[in-house]
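First comes the structure, then the notes that go with it.
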Amino acid sequence: MERLQQQFQHAKHAVTQLPKTLDSASKLRLYGLHQQALIGDCNKPVPAPWDAVAFAKYGAWHDLKGMTTEQAMRLYIELVEKLQHQHIRH
C-alpha cells in the first residue's frame with residue numbers, strides 16, 4: 001500500500017503538469033477518483049441542478065460509490081499516465 005500511495009502522490013503532482021485544456025470528461029474522472037481515493041464514498045449533499053459544475057463533480061464522485069481506496073488510486077494513476085502519453089504525442 002505504501003508504494004501505491006507514493007505512486008498516487010506522484011500522479012497527483014503529474015496532473016499539475018498536464019495541459020489546462022483537458023476535456024471535461026477527463027477532469028471529472030480525475031476529480032471523482034481523487035475524492036474516492038482520499039475520502040471514500042461521496043459524503044456531500046446533492047447540489048442544485050442549476051449549478052452545473054458542482055452537479056457534474058458530484059456525479060463523477062457519487063458514481064464511484066463502493067470503490068475501494070486502492071482501486072481509486074490505481075485508476076487515477078492509470079488515467080494520469082494515459083493523459084500524459086496523449087499529451088506527449090501531440
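The values are calculated or read from the model by the stated rules, or taken from the named source; none is laboratory data. Values in this document were obtained by computation on a predicted structure and should not be read as measured data. When we count neighbours, we look across all protein chains shown, and the Cβ atoms used for this are built from the backbone with ideal geometry, even at glycine.
Considering (1) assigned to a helix (DSSP H, G or I); (2) touching a residue at least 60 places away in the same chain (Cβ under 8 Å); (3) over 14 Å from Ile77 (Cα atoms), the lone condition that Ala11 does not fulfil carries the number (3). Applying the condition of being at pLDDT 95 or above and aliphatic (A, V, I, L, M) to the stretch 15-32 and asking which residue is surrounded by the fewest Cβ atoms within 10 Å (Cβ to Cβ) yields Ala25.
Please determine, by comparing only the residues of the stretch 18-37 that are free of Cβ contacts under 8 Å to residues at least 12 places away in the same chain and not charged (D, E, K, R), which one is farthest from Ala60 (Cα to Cα). So, considering only residues that are free of Cβ contacts under 8 Å to residues at least 12 places away in the same chain and not charged (D, E, K, R), the one farthest from Ala60 (Cα to Cα) is Thr21. From the residues in the stretch 55-90 that are among the hydroxyl-bearing types (Ser, Thr, Tyr) and touching a residue at least 12 places away in the same chain (Cβ under 8 Å), which one is surrounded by the most Cβ atoms within 10 Å (Cβ to Cβ)? So the residue we want is Tyr76. Against the list (1) of a type in the set (Gly, Ala, Ser); (2) assigned to a helix (DSSP H, G or I); (3) under 13 Å from the mean Cα position of the chain (by Cα), the condition Ala54 fails is (3).
Taking the criterion of being over 22 Å from Phe8 (Cα atoms) and either surrounded by 15 or more Cβ atoms within 10 Å (Cβ to Cβ) or in contact with a strand residue (DSSP E or B) (Cβ under 7 Å, 6 or more places away or on another chain) (or both), the only residue of the stretch 37-54 that qualifies is Pro47.
Among the residues of the stretch 22-50, those identified as part of a helix (DSSP H, G or I) and of a type in the set (A, V, I, L, M, F, W, C) are Ala25, Leu28, Leu30, Leu33, Ala37, Leu38.
Remark: pairs (first residue in the stretch 38-54, under 20 Å from Leu75 (Cβ atoms); second residue exposed (fewer than 13 other Cβ atoms within 10 Å of the Cβ); Cβ separation under 9 Å; 6+ apart in sequence or on different chains) = Gly40/Thr68; Asp41/Lys65; Asp41/Gly66; Cys42/Lys65.
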